[in-house]
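The values are calculated or read from the model by the stated rules, or taken from the named source; none is laboratory data. Just so we're clear, the structure is a prediction, and the values are computed from it rather than from any experiment. Here Cβ is always computed from backbone atoms with ideal geometry, including for glycine, and neighbour counts include all displayed protein chains. Accessible surface areas use protein heavy atoms only, side chains included; no ligands, DNA or RNA. Shrake-Rupley method; radii C 1.70, N 1.55, O 1.52, S 1.80 Å.
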Amino acid sequence: MESSSQKIARSPNGDCTLVIMAKAPRPGVVKTRLAQSLPSPAVIELYRCLLNDTMALARSLDGVQVAIMCPASDVEDLSRAAGDAMRVVAQIGNGLAAGLTSVFAHFAAAGRRRIVAFNSDSPHLPASVLQIAFDALASCDLVVGPTHDGGYYLVGAKASHPGLFAGGGMGTTNALEALLEHARALGLSVRFTDPFYDIDVAADLSRLAAELQLAPARAPRTAEWLVEWGRAVAQPGQRGRDT
């Protein structure tokens, strides 16, 4: 298994599909861990900003087909959010593992040769990381972007592999370890992109705020939200908005 620090041959993007794993922004469904430190309306608006900026990031890659995979109940809401810019596909089954399985089953069957799925709260991810993931698939079966907490923010493959996501998806405990165990059992070659972080708790938001303060254009909608809610982010125990 190799890291992104090793040289990867650049290949055309014509057969590449980038899939955002998303949900409709509803209370009690998205960013539930952040709801412990922020009011529910703020959390919902944050997720909407993260998703919009993540969609903009996805569209910034040249020659890459972009789509959203989501629960069937969310297709209508997310189709309105995405507009005509990208296709929204209903997953088969419930949960993130079912969603990831649906991504590769659906798009591999449609003839797409390199498929990468990533989180809907990743506008801070450098576009170069996504390109590295597609390039890695020219010479391996599976590419994974690990997070610092034992999960992964990105996974890519060239085919559907039944059982690969059994037992959990990106955000579950020990998700990366489980994914790699399944990959070994299936005999898949694996490469990695650089480790990164998700936006799950207030500390993650504080880190993101520091980054976007220096470069707000990376995720402009999220940067605006962070300006409005900055003090609440800096004080995780505060549930109300300071005035």
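What number of residues within the stretch 136-151 satisfy the criterion of being open to solvent by less than 10 Å² (accessible area, probe 1.4 Å) and either at pLDDT 95 or above or aliphatic (A, V, I, L, M) (or both)?
7
With the condition kept exactly as written, say whether any residue in the stretch 110-123 is outside any loop (DSSP other than H, G, I, E, B), within 17 Å of Leu208 (Cα to Cα) and touching a residue at least 40 places away in the same chain (Cβ under 8 Å).
Looking through the stretch 110-123, at least one residue is outside any loop (DSSP other than H, G, I, E, B), within 17 Å of Leu208 (Cα to Cα) and touching a residue at least 40 places away in the same chain (Cβ under 8 Å).
Here's a check for you: in the stretch 63-80, which residue that is assigned to a helix (DSSP H, G or I) and within 18 Å of the chain's Cα centre (by Cα) is farthest from Cys16 (Cα to Cα)?
The qualifying residue farthest from Cys16 (Cα to Cα) is Asp74.
Answer with yes or no whether Val89 is among the β-branched types (Val, Ile, Thr) and more than 12 Å from the chain's Cα centre (by Cα).
yes
Taking the stretch 162-177, which residues are open to solvent by less than 50 Å² (accessible area, probe 1.4 Å) and more than 18 Å from the chain's Cα centre (by Cα)?
Selection gives Gly163 alone.
Please go through the stretch 98-131 and pick out each residue that is within 30 Å of Ala223 (Cα to Cα), buried (at least 21 other Cβ atoms within 10 Å of the Cβ) and among the hydrophobic types (A, V, I, L, M, F, W, C).
Listed by number, the residues that qualify are Leu100, Val103, Ile115, Val116, Ala117, Phe118, Leu125, Leu130.
Keeping to the stretch 175-229, report how many residues are in contact with a strand residue (DSSP E or B) (Cβ under 9 Å, 6 or more places away or on another chain), of a type in the set (Lys, Arg) and in a helix (DSSP H, G or I).
Residues in the stretch 175-229 being in contact with a strand residue (DSSP E or B) (Cβ under 9 Å, 6 or more places away or on another chain), of a type in the set (Lys, Arg) and in a helix (DSSP H, G or I): 1 in total.
Which count do you get for residues in the stretch 33-47 that are open to solvent by less than 20 Å² (accessible area, probe 1.4 Å) and over 20 Å from the mean Cα position of the chain (by Cα)?
Summing the residues that are open to solvent by less than 20 Å² (accessible area, probe 1.4 Å) and over 20 Å from the mean Cα position of the chain (by Cα) in the stretch 33-47 gives 3.
State the number of residues belonging to the stretch 186-216 that are touching a His at 6+ places or on another chain (Cβ under 9 Å) and among the aromatic types (Phe, Trp, Tyr).
2
Taking into account only those residues within the stretch 5-32 that are modelled with pLDDT of 90 or more and among the basic types (Lys, Arg), which is surrounded by the most Cβ atoms within 10 Å (Cβ to Cβ)?
Lys31
Among (1) without any contact (Cβ under 8 Å) to a residue 60 or more places away in the chain; (2) more than 18 Å from the chain's Cα centre (by Cα), which single condition is Ala138 missing?
Of the numbered conditions (1) without any contact (Cβ under 8 Å) to a residue 60 or more places away in the chain; (2) more than 18 Å from the chain's Cα centre (by Cα), the odd one out for Ala138 is (1).
Looking only at the stretch 145-165, which residues are among the aromatic types (Phe, Trp, Tyr) and in contact with a Phe, Trp or Tyr (Cβ under 7 Å, 6 or more places away or on another chain)?
The one that is among the aromatic types (Phe, Trp, Tyr) and in contact with a Phe, Trp or Tyr (Cβ under 7 Å, 6 or more places away or on another chain): Tyr153.
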